[in-house]
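Below is one structure, written out as structure tokens; the observations come after it.
The values are calculated or read from the model by the stated rules, or taken from the named source; none is laboratory data. For clarity, every value in this text was computed on a predicted model and none was experimentally measured. Calculation scope for accessible area: heavy atoms of the full protein, side chains included, ligands and nucleic acids excluded. Shrake-Rupley method; radii C 1.70, N 1.55, O 1.52, S 1.80 Å.
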Amino acid sequence: MEVAIVASIASSLATAYYTKVNSDQQKKAIKKANRTAAENARLQDEQAKLALVEQQRKNRNLLRQQQAAYKANLGALGTTNKSGTGQTYLNALQREHDIEDKYLLNQAKISSEALLNSLGNTTSTNLLRLNSLNAESKLNSLNSLGNITGSLSRTMIK
């Protein structure tokens, strides 16, 4: 009879140990997933910023080319770009460039905020999983302790 009780206690302890090991592994995996998600978000944000800078550079170069070509055309016609239609056209090119630049900046801001929201959602989900694992681990520990206590109390009663 006492062998059965010892076996029951050993089984409860083994179950508690393996539950704890499994829980620790899951917690490590969740923490690693949070670190990975944060690093991925950082890299994506950095890549988006680099792409924005490159697009802005291309747009500035295009503006300069358009302005130089128009000034060259005006010069070939013997007119000036300092006033009148020539200046109006150059101002329009600059405004168009500024509008495009604002649009690119807004898109980059929206993209960055989306990344932060996604990271926040991932972190929150992982935090909920971690809390659930902690609660489950405590419950399993209490159940194992209850099984051991029950086995010991049965021994004392007999």
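Computed over protein heavy atoms with a 1.4 Å probe, the accessible surface of segment 36-132 works out to 72 Å² per residue.
Phi angles of segment 107-112 translate, via the Karplus equation with coefficients 6.51, -1.76, 1.60 and θ = phi - 60°, into HN-Hα couplings of 5, 5, 5, 4, 4, 5 Hz per residue; Gly and Pro are given as x. Scalar couplings 3J(HN,Hα) for segment 18-28, obtained by applying the Karplus form with A = 6.51, B = -1.76, C = 1.60 to θ = phi - 60°, are 5, 5, 5, 4, 4, 4, 4, 5, 5, 5, 4 Hz; x denotes Gly and Pro.
For segment 20-132, the tally of Lys pairs with Cα-Cα distances below 29 Å comes to 17, considering only residues 8 or more apart or on different chains.
So, with a 1.4 angstrom probe, what is the percent of accessible area on segment 52-128 that is carbon and sulfur?
Numbers: 3070 of 5510 Å².
Answer for segment 52-128 is 56 percent, counting heavy atoms of protein chains only.
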